[in-house]
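These notes concern the structure reproduced below.
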Amino acid sequence: MNIMDFNVKKLAADAGTFLSRAVQFTEEKLGQAEKTELDAHLENLLSKAECTKIWTEKIMKQTEVLLQPNPNARIEEFVYEKLDRKAPSRINNPELLGQYMIDAGTEFGPGTAYGNALIKCGETQKRIGTADRELIQTSALNFLTPLRNFIEGDYKTIAKERKLLQNKRLDLDAAKTRLKKAKAAETRSSQLNSARLEGDNIMVNFSYMLNFLHVKWLKIWAEEVTKSEQELRITQSEFDRQAEITRLLLEGISSTHAHHLRCLNDFVEAQMTYYAQCYQYMLDLQKQLGSFPSNYLSNNNQTSGTPVPSTLSNAVGSSAMASTSGLGITSPSNVTDLKESSGSRKARVLYDYDAANSTELSLLADEVISVFSVVGMDSDWLMGERGNQKGKVPITYLELLN
């Protein structure tokens, strides 16, 4: 029963405090009550914290979009994170493109120039996909996680203490208002006419009663003033204490900025590593594609009618010119002459080739073999000979030597 009485009293006190704050807040909005202003330093810290929170949220959300453009995938990762479970591994776009290229190259035949090029491009795309996965993991750990910890941890604590400071300020201003009203009422009661009246007994008795009530009234308002002054001292002390706590928390925003700066450096380094890897992968791929014989590129242009991009054609052209000056690569007319003649020529193998069947000859990069034409053979193939090994070899894998 005592516990129930205590709970009822506490509930009534809390309701009274809430009502007092609501009245004070409403009167402030209507301009009917005075408001205690925070000092300029604290206001500046509050503004800085709010600004940090807003921009941190925007940067964090846009970074998530950058690293994972698929909104459905982001939602799935968010759900798994809230469930404290690891999201299932999924193939990313570069890896998927790479797999398609490899499958297509295998279907067209690794022995064909286009099939071999597709396979090489697919392998490069898969390496880029792996680098992309590493970028996401590193960025999430070193950049996104600290930002999220600030929003969901430090700033929530700041917001909680800031709300408590607002309540303490309302309590303080409500106490000031009550004290002001009590003093005004005390002044009015002290100004009442308490002069003793002369006359018959009835008037004398009435005057005596008025004096008695006047004394009681003064005593009541004197007690109310004393109570209000004591309440004001308590609320002022609580407000000052909460303001100091809030100020100490807000001054930590500078440390938060320094920490986020270190995280930003980690994010930039992760991006730099990623783009450097991608550049190197594509540079290697360009060199591999540039090692195709120039007659293949020219035949490809004539057949398809599609121009080769200028950057690739320049790279291929310079590579072909450099190799021509050193090794004396033959032009397409030389290949035609070889097919029309009955003799054999020496040729250098550009890169490895695995024979698809027993009628073909496997090749090793940089080896020199003898080649000759056979009547009725496909125009893209020659007959190759290495010692007592003989078989068909693709022209695009060879450099005919003078």
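Tabulated values for the structure
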| read-out | value |
| --- | --- |
| Computed E for Thr17/Arg262 - FRET, C-beta separation, R0 60 angstrom, nearest 0.05 | 0.85 |
| Convex hull projection area averaged over all views, the range 42-120, Cα basis, nm² | 8.4 |
| Those lysines that a straight Cα-Cα span of less than 21 Å connects to Lys61, excepting residues fewer than 8 apart in one chain | Lys48, Lys53, Lys82, Lys86, Lys156 |
| Apportionment of accessible area to carbon and sulfur, the range 91-133, percent (1.4 Å) | 60 |
| Residue-normalised accessible area of the range 41-104, expressed per residue, 1.4 Å probe, Å² | 70 |
| Tensor-based shape of the range 219-294 (alpha-carbon gyration tensor, a/c under 1.5 rounded, otherwise prolate or oblate) | prolate |
| Cα-Cα over 18 Å, subset of Lys35/Lys160; Lys176/Lys227; Lys183/Lys227; Lys29/Lys183; Lys181/Lys227; Lys35/Lys181 | Lys35/Lys160; Lys29/Lys183 |
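The values are calculated or read from the model by the stated rules, or taken from the named source; none is laboratory data. Since we're looking at a predicted model, the values are computed, not measured. Heads up, the Cβs are rebuilt from the backbone with ideal geometry, glycines too, and the neighbour counts pull from every protein chain shown. Surface accessibility is based on the protein's heavy atoms, side chains included, excluding ligands, DNA and RNA. Shrake-Rupley method; radii C 1.70, N 1.55, O 1.52, S 1.80 Å.
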